[in-house]
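The values are calculated or read from the model by the stated rules, or taken from the named source; none is laboratory data. Bear in mind that the values here come from a model prediction, so they are computed numbers and not experimental data. So basically every Cβ, Gly included, is an ideal-geometry build from the backbone, and we count neighbours across all protein chains shown.
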Amino acid sequence: MEGDPQVNMSDRDREPLPDPDVRRERERETLYEGAISAIRGVLNTRGLTQAEVAKRMGVTPGRVSHLMSGRRNVTLTALADMAWALGMRVELRLEAIEDLASTPALHDRPITSS
């Protein structure tokens, strides 16, 4: 399949982080990096430039550059628009964090598969 639609955490992201703010930021970075990596993979596979994607989206090349660079928070709408411009769809999957220490969900009941 073109690009990798799933966001997979690297070993670096599985290291225990006791500070809740650092852990939250790491989760955000992991999601963002995975999404942008998937979009880049499709661009590379299809030989498209950011300018071509911008034209398809009806935005400036600068807007796409900002979204792809990490200098701007990517909204779900922007991600969906980029995927649509590539003839793709975004699918999200929630995955339980193994170590809930220092998360607000520490005492929540575990979610089990049906």
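Listing for the model above:
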quantity: From 81, 99, residue being closer than 24 Å to residue 34 by Cα and modelled with pLDDT under 85; calculated: 99
quantity: Residues of region 46-78 classified as of a type in the set (Lys, Arg) and at pLDDT below 95, total; calculated: 3
quantity: Leading residue by the ranking (modelled with the highest pLDDT) among those in region 1-23 that are in a helix (DSSP H, G or I) and either surrounded by 14 or more Cβ atoms within 10 Å (Cβ to Cβ) or polar (S, T, N, Q) (or both); calculated: 23
